[in-house]
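Report on one structure; see the data block that follows.
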Amino acid sequence: MTTPDRIDDVDALRGFALLGILIVNTMAFASAFYGLELADPAFGGIADRTVHLVIALFFEMKFYLLFSFLFGYSFTLQMRSAEKSGEAFVPRLLRRQTGLWLIGIAHAVLLFHGDILTTYAVLGVVLLTLRNRSDAALFRLAKWLIILIAVAWGALGMLATLAPMPLDRSAILAAAEATKLAFRGDWQAIIGQHLTELSSVWVILGLLQAPCALAMFVLGLIAGRRKTLARPEENRALFQRLLRAGLWIGLPGAIVYAYASVELIDSPVAIIGLSIGLITGPFLTGAYVGGMMLFFGTTVGQRLRTLLAPAGRMALSNYLIQSLVAALIFHGYGLGVIGKVSPLATVLIALAIFTAQLFTSRWWMARYAYGPLEWVLRFITIWRAPQWRKPVEAR
C-alpha cells in the first residue's frame, strides 16, 4: 500500500504486535528448555518464575493472534490495492504468498525454527478461498476453529491426567543439553539443529497455531471488510466491549494458562491450562485491539501511534531483523550465550532490540517507500520493481 492508503492505527497495532512476538521469541532463543516439560534448573528462582509468569500471562498465545488478526485485516487492503491498480487479485496474492513462504523457509532454516511466515503463507491461500463467504459464515468458522482446537487439547489433557505417563527427566535434560551445545556450535551445527527442530515443530503448528491463526485471519477479514480500524470513532462501543470481554474472560483464562504452564509445567494439568488459554486467548487479544484503539484516540496515544507505526509499516523486515539480532546474541556464530542469560535479562535484551527498531524504522520510513524485505515482497507481488525512495516532498 502507498502512504496515503495506509491506516496509521493498523500499522501501530502491527508494531505493538512485533513487541510481543519479540519478547516471546527471545525467550525461545535464550533457553534450550523453552517448550520442554521441565523448567531450566539454572533459572528456577522466584524472580525467574515471576518473569515467566508475566510473559505467559500477557504475551504467550496472544500476540501471534494479534499479528494474525492484522494479517487478515491487511488482506482486504491488498484486495483494494489490486482493484485500484486494475490487476487481477488472485495471481497477485498467490505470488505474494509464494514469496512469503520462501522468505519464511529461509528464516526457519537459517535463523529461527519457530518461524510463522510459512504458516501465514499457506493460510493466506486458504483465506483466499474463503474471501467470498458472508461475515456470518466466516464468524461461525472462526468460532468453531477456536472451540474445537481448545476442546481437543482439553480432552488430551484430561486423558493424560487420568492416565499419566512418568516423566523421563533425565532424557529431557539430555535433550536440552544437546540443543544448547548445538546452538553454541558453528553455523552448520546450528542449521542442523534448526532442521531437527523443524521435523517436530510442524506438528505443533498444524495442531495448535495454524487453526488459531486461521480463526484470527477470518476475524481480521471481517473487520477489514467493515473498515473497523479505519473508523475508530464509529466503533468506540465495539472497542469498549472488546476491552470488557478481555478483562472478564480473557484475563482469568490467561491467569490459569500462565500458572499451569509455569508452576505445573511437568504435570499433564499444563495441557488443560493450555486448552483454557486457547479458548480465552482471543478475548484478551481482542482487549489489546480495543484498548489500543481507544488509547490511540488520546493525546498521549497519538504520540505512541506515531512511534509504533513506522515499525509496523516494515513489520516483515523487523521480524527477521529481530531473529537475526537474537541469533547473533544467543547462537554460536555470535556471542553464543544461550542458557547463560536470566529471564529478566532476556526481556531487557528484547526491549533494547525493539527500542532500536523504533528509531531505525522511523529513520528508514522517512526516506524509503518500503522496508527492505517489503520491497522484495512487493516486487514479487506486482512482478515489477516498485518505487524505492520516497519523493522529496513526501519526507
Of the options Tyr319, Leu117, Val289, report the single residue whose Cα projects farthest towards the positive end of the charge dipole of region 3-394 (beta-carbon charges: Lys, Arg +1; Asp, Glu -1). Val289
Which whole-Hz ³J(HN,Hα) couplings does region 291-306 yield from phi under the Karplus relation 6.51 cos²θ - 1.76 cosθ + 1.60, θ = phi - 60°, glycine and proline marked x? x, 5, 5, 5, 5, 4, x, 9, 5, 5, x, 5, 5, 5, 4, 4
With the Cα gyration tensor of region 122-204 giving a ≥ b ≥ c as the square roots of its eigenvalues, does the rule (a/c under 1.5 for rounded; else a/b larger than b/c for prolate; else oblate) give rounded, prolate or oblate? oblate
Report ³J(HN,Hα) in whole Hz for each residue of region 229-242, in order, from the Karplus equation J = 6.51 cos²θ - 1.76 cosθ + 1.60 where θ = phi - 60°; Gly and Pro get x. 7, 7, 10, x, 5, 6, 10, 4, 5, 5, 4, 5, 5, 4
The ³J(HN,Hα) series, computed from each phi in region 44-50 with the Karplus coefficients 6.51, -1.76 and 1.60 at θ = phi - 60°, rounded to the nearest Hz and given as x for glycine or proline, is x, x, 4, 4, 5, 5, 5
Only counting other Cβ atoms within 10 Å, I'd like Arg313, Arg236 sorted with the fewest neighbours first. Arg236, Arg313
Connecting C-alpha atoms closer than 10 Å in a GNM of the chain, tell me which of Arg305, Arg133, Arg362 has the biggest fluctuation. Arg133
C-alpha long axis of helix 210-225 to longest principal axis of the chain, angle in °: 20 degrees
Packing-based exposure ordering (other Cβ within 10 Å, fewest first) of Met79, Met292, Met314: Met79, Met292, Met314
Suppose every K and R has +1 on its Cβ and every D and E has -1 on its Cβ; what is the size of the dipole of region 3-394 about the Cα centre, in Debye to the nearest 20? 1480 debye
Of the residues Ile279, Ile172, Ile23, which exhibits the maximal mean-square fluctuation in a Gaussian network model of the chain defined by a 10 Å Cα contact cut-off? Ile172
Pairwise label distance in nanometres, Trp363 with Ala106, each label 7 Å out on the Cα-Cβ vector: 2.3 nm
Positive end of the charge dipole of the chain (Lys, Arg +1 and Asp, Glu -1 on Cβ, about the Cα centre): tell me which of Ile272, Ala39, Phe16 has its Cα farthest that way. Phe16
Using the 10 angstrom Cβ neighbour count as an exposure proxy, how do Glu83, Glu177, Glu60, Glu233 rank, fewest first? Glu233, Glu83, Glu177, Glu60
Can you give me the relative contact order of the chain as a percent, contacts being Cα pairs under 8 Å and 6 or more apart? 31 percent
Amide H contacts under 5 Å for Tyr368, restricted to residues at least 5 apart in sequence or on another chain and with H modeled in the peptide plane, are Lys390
Answer with one residue from Gln78, His107, Phe59: the one whose Cα lies farthest towards the positive end of the charge dipole of region 41-122, charges on Cβ with Lys, Arg +1 and Asp, Glu -1. Gln78
Yeah, region 33-73 with a ≥ b ≥ c from its alpha-carbon gyration tensor (a/c under 1.5 is rounded, else prolate when a/b outruns b/c, oblate otherwise) is prolate
Separation in nanometres of the label points that stand 7 Å from Cα toward Cβ, at Thr299 and Leu208: 4.5 nm
Could you tell me the calculated FRET efficiency between Leu162 and Ala136, based on Cβ-Cβ distance and R0 = 30 angstrom, to the nearest 0.05? 0.20
Shape of the chain, Cα gyration tensor, a/c cut at 1.5: prolate
Tell me the angle of helix 8-30 to the major Cα principal axis of the chain, expressed in degrees between 0 and 90 and rounded to the nearest ten. 20 degrees
FRET efficiency, 1/(1 + (r/R0)^6) with R0 30 Å, evaluated for Ile46 and Gln240 via beta carbons: 0.25
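Where a number appears in this text, it was derived from the coordinates with a stated rule and is not lab data. This is a predicted model, so every value here is computed, not measured. Every residue, glycine as well, gets a Cβ built from its backbone with ideal geometry; the counts of neighbours run over all protein chains shown.
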